[in-house]
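Data block below; observations after.
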Amino acid sequence: MARWLIQRRLTQNSARLKRLRAELAQVDEQMLHFESDADDTAIRALVSETPGASQEANEARKHAEAMAKHRRYVVATIAEIEARQDELLDQLGSG
């Protein structure tokens, strides 16, 4: 692979990593909110013992789980891009 192409891909990967790390910070902040909300609604559902409160607690837990799933996706994507970046750096160093 041409040196200029490797450098271009490294630049693109670097920009993408920067965006994903910013997104991860945002997701972490949102996860704290969703988990806290899920815990609060679960406690309220236990105290009130009404079907509506139980359903609200389930919905809040689903939101927290969806955010956790998204976080895992972002973390995995960051790991993939970092691995690709390492490969590109190796190619650049050996070329």
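The values are calculated or read from the model by the stated rules, or taken from the named source; none is laboratory data. Bear in mind the structure is a predicted one, so any value in this text is a computation, not a measurement. Quick reminder, even Gly has a Cβ in these numbers, built from the backbone with ideal geometry, and neighbours come from all protein chains shown. Areas reflect the complete protein model, heavy atoms only, side chains present, ligands, DNA and RNA absent. Shrake-Rupley method; radii C 1.70, N 1.55, O 1.52, S 1.80 Å.
This structure gives Cα Rg over 2.2 N^0.38 Å, computed directly, and of (i) 1.67; (ii) 1.71; (iii) 1.25 that value is listed as (i). Per residue, the chain exposes 72 Å² of accessible surface when a 1.4 Å probe is rolled over the protein heavy atoms with every protein chain present. Computed 3J(HN,Hα) for region 3-19, one whole-Hz value per residue from the Karplus formula 6.51 cos²θ - 1.76 cosθ + 1.60 where θ = phi - 60°, is 4, 5, 5, 4, 5, 5, 5, 4, 4, 5, 4, 4, 5, 5, 4, 4, 5, glycine and proline marked x. Charging the Cβ of each Asp and Glu at -1 and of each Lys and Arg at +1, and nothing else, the dipole of the chain about its Cα centre rounds to 740 debye.
Helix 51-94 and the long axis of the chain differ in direction by around 10°, with both axes built from C-alpha atoms. Only protein atoms count toward the accessible area here, which uses a 1.4 Å probe; on region 1-66, the carbon and sulfur part of that area reaches 53 percent.
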